[in-house]
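**Student:** Just dropping this structure here.
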Amino acid sequence: MATEQTQPESASQESEAQQSEAPESGEKPTEERKNAVTPRVSEELAANMKQGWADTERRDLEPVPQAEHTARRRAALSARFPGERLVIPAGRLKTRSNDTDYPFRSGVEYAYLTGNQTEDGVLVMEPTGASGHASTLYLLPRSNRENGEFWLSGQGELWVGRRNSLTEAERLYGIPVKDVRTVADTLREATGPVRVVRSHDAEIEAALTDKVTAERDAELRTFLSEMRLVKDDFEIAEMTRACDSTVRGFEDVVRVLDRAQATSERYIEGTFFLRARVEGNDVGYGSICAAGPHATTLHWVRNDGPVRPGDLLLLDAGVETTELYTADVTRTLPVDGRFTELQRRIYDAVYEAQEAGIAAVRPGAKFRDFHEAAQRVLTEKLVEWGLVEGPVERVLELGLQRRWTLHGTGHMLGMDVHDCSAARRESYAEGTLEPGMCLTVEPGLYFQPDDLSVPEEYRGIGVRIEDDLLVTEDGNRNLSAALPRRSSDVEAWMAELRG
Ligand code: GLY
Ligand code: MN
Ligand code: MN
């Protein structure tokens with residue numbers, strides 16, 4: 001990455017060329033700028049930089065593939081909130097440190113409704129009367145070359161890359177586009193009821209501060225969360241793509257698992273990440289690369305431990321596609337390719353529980369059914385092994401199995417790994433499964449290294465198996481089924497990939 005050799009930090013482009021012309025010495029740098037090399041821009045250079053650039057406007061652009069889906073989604077949103085102005089921001093860059101930012105990831109509501117993922121973007125849906133809305137997408141236009149913005153501003157395209165022109169963006173997203181630098185004033189001046197999706201853009205929220213209430217904004221978020229419970233065809237194709245890439249990422253890991261350099265969890269994380277970045281946008285969440293006893297820590301993302309033969313590796317990872325849909329898959333693998341007897345016993349119990357859970361995923365079933373089916377199997381095993389005193393019904397009633405099962409058996413999946421989290425209980429946790437829903441089934445058993453209530457040989461073993469299911473008209477489809485789950489199949493698959 002370049003330093004500030006020629007990049008001024010101010011975006012006051014108009015005066016920048018002249019200002020930097022003037023003081024070659026004598027003027028004290030500000031505290032922030034004292035280490036920057038202020039560029040000297042001669043009038044000749046400023047004039048030279050204005051001209052000699054080709055017209056690169058693209059006039060042959062087709063709408064993005066999801067444009068008709070986003071239009072339908074906006075129509076559904078419009079029907080729910082007639083007569084109200086709806087504001088859905090993409091969000092802003094977040095500082096990582098000093099002058100570097102985290103990679104930008106658009107707010108899901110914005111991407112879901114527009115197909116666009118640009119930082120600072122804002123979708124405004126203006127009511128057109130008693131019903132209907134006119135949508136406008138607010139984006140930053142191409143850089144101005146006349147005033148030097150494109151090469152003198154930190155947001156100039158010379159620094160950050162070419163943007164779509166507003167006309168190009170209109171073609172791509174099928175929504176009228178305006179300059180985002182006008183949106184805050186437009187919203188400040190607007191009258192009538194308004195709702196905003198919060199937590200993405202403080203400046204937009206500040207512009208609306210006197211006009212919105214937390215309660216009404218929460219209703220907007222809830223509706224958008226519930227809209228995403230049932231995936232459309234575009235989304236199902238994306239989920240399939242995410243799972244297919246994730247399968248390849250797991251295969252990458254197995255291929256390196258017996259190599260000398262793969263002795264650290266970091267190496268596993270990096271191996272999977274390579275696939276995620278090459279085929280998708282990113283990983284959908286911090287990969288859990290948990291070897292040995294780390295597998296008993298549910299959100300082990302430090303990934304700084306060793307990977308040793310004889311141990312299990314619990315790998316929980318998912319590729320997020322370029323359109324921001326993520327898989328969420330777990331396999332628990334014997335590092336040296338063979339389960340020990342006890343590892344296999346525990347693994348097979350989790351497999352059996354997952355099978356029972358998957359069998360309970362079908363339209364009309366309650367969301368809780370697959371959890372209860374899996375918990376019952378795990379509890380039966382724990383009682384059978386003498387780790388908790390039966391009968392099974394009593395253990396389930398008191399929830400005693402949860403010392404080792406720890407978490408719920410699954411969740412909705414989509415643009416967020418824990419998708420649709422603002423949905424109401426009656427539509428989600430206490431709701432009914434419908435075709436088009438995507439969810440995980442992920443039972444596990446975890447024996448903490450310091451759990452004195454189980455025999456020593458159990459301690460430090462953690463097993464989870466997690467797959468991504470689409471609810472279909474007559475049952476479900478396992479989108480991650482290409483990864484073997486049965487213990488003997490896992491061993492055969494590992495042996496084959498290792499050659
Ligand atoms: N990877 C997080 C989860 O399985 O829910
Ligand atoms: Mn997971
Ligand atoms: Mn999960």
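**Student:** At a 1.4 Å probe radius, carbon and sulfur cover how many percent of the accessible area of segment 371-481?
**Tutor:** C and S fraction of accessible area: 46 percent.
**Student:** Along segment 147-152, what does the Karplus equation 6.51 cos²θ - 1.76 cosθ + 1.60 (θ = phi - 60°) give for ³J(HN,Hα), rounded to whole Hz, x for Gly and Pro?
**Tutor:** Taking θ as phi minus 60°, the curve returns 9, x, 3, 5, 10, 9 Hz for segment 147-152.
**Student:** Separate question: Where a ≥ b ≥ c are the square roots of the eigenvalues of the C-alpha gyration tensor, would you call segment 251-343 rounded, which needs a/c under 1.5, or, failing that, prolate if a/b is larger than b/c, or oblate?
**Tutor:** Here segment 251-343 falls in the prolate category.
**Student:** How do the peptides 415-426, 208-219 rank, highest first, by the average count of neighbouring beta carbon atoms within 10 Å per residue?
**Tutor:** Numbers: 415-426: 17.3, 208-219: 12.9.
The densest-packed peptide leads the list: 415-426, 208-219.
**Student:** So, one more: Going by amide H atoms built from the backbone, whose H comes under 5 Å of the H on Gln448, apart from near neighbours?
**Tutor:** For Gln448, the qualifying residues are Gly460.
**Student:** What accessible area per residue comes out for segment 352-499, rounded to a whole number of Å², with a 1.4 Å probe? Each step should come with its number before you reach the end.
**Tutor:** Working: 6420 Å² over 148 residues.
About 43 Å² of surface per residue is accessible.
**Student:** Give the accessible surface of segment 69-109 per residue, rounded to a whole number of Å², with probe radius 1.4 Å and ligands, DNA and RNA excluded.
**Tutor:** 49 Å²
**Student:** Taking H as built 1.01 Å from N, whose amide H comes closer than 5 Å to the amide H of Leu469, not counting residues under 5 places away?
**Tutor:** HN-HN under 5 Å from Leu469: Leu439, Thr440, Val441, Leu479.
**Student:** First compute the accessible area of segment 87-204 with a 1.4 Å probe, then give the percent of it belonging to carbon and sulfur atoms.
**Tutor:** 48 percent
**Student:** Sequence-distant or interchain residues sharing an amide H contact under 5 Å with Val283, placed H: which?
**Tutor:** Counting only residues 5 or more places away or on other chains, the set is Glu320.
**Student:** Using only DSSP helix segments of four residues or longer, with each worth -39500 (n - 2.57), what per-residue ellipticity at 222 nm results for the chain after dividing by its residue count and rounding to 500?
**Tutor:** Calculated from helices alone, the mean residue ellipticity at 222 nm is -11000 deg cm²/dmol.
**Student:** Tell me, what does the Kirkwood hydrodynamic radius of segment 326-420 come to in angstroms if you use every pair of distinct C-alpha atoms?
**Tutor:** Numbers: mean 1/r = 0.0678 Å⁻¹.
Computed over segment 326-420, the radius equals 14.7 Å.
**Student:** Kindly report the accessible area of segment 122-164 per residue (heavy atoms of protein chains, probe 1.4 Å, no ligands, DNA or RNA), in Å². Write down the numbers at each step before the final one.
**Tutor:** Working: 1660 Å² over 43 residues.
It amounts to 39 Å² per residue over segment 122-164.
**Student:** Which angle between 0 and 90 degrees, to the nearest 10, do you get for helix 341-359 versus the longest principal axis of the chain when only C-alpha atoms count?
**Tutor:** Around 70 degrees separate the two axes.
**Student:** Separate question: Considering only protein heavy atoms and a 1.4 Å probe, what is the carbon-and-sulfur percentage of the accessible area of segment 264-318?
**Tutor:** Values: 1220 of 2320 Å².
With neighbouring chains kept in place, the figure for segment 264-318 is 53 percent.
**Student:** Under the Karplus relation 6.51 cos²θ - 1.76 cosθ + 1.60, θ = phi - 60°, what is the ordered set of whole-Hz ³J(HN,Hα) values for segment 310-326, x standing for Gly and Pro?
**Tutor:** x, 8, 9, 10, 9, 10, 10, 8, x, 7, 9, 6, 5, 9, 6, 9, 10
The values are calculated or read from the model by the stated rules, or taken from the named source; none is laboratory data. None of the values given here were measured: they were computed from a predicted structure. Every residue, glycine as well, gets a Cβ built from its backbone with ideal geometry; the counts of neighbours run over all protein chains shown. Surface accessibility is based on the protein's heavy atoms, side chains included, excluding ligands, DNA and RNA. Shrake-Rupley method; radii C 1.70, N 1.55, O 1.52, S 1.80 Å.
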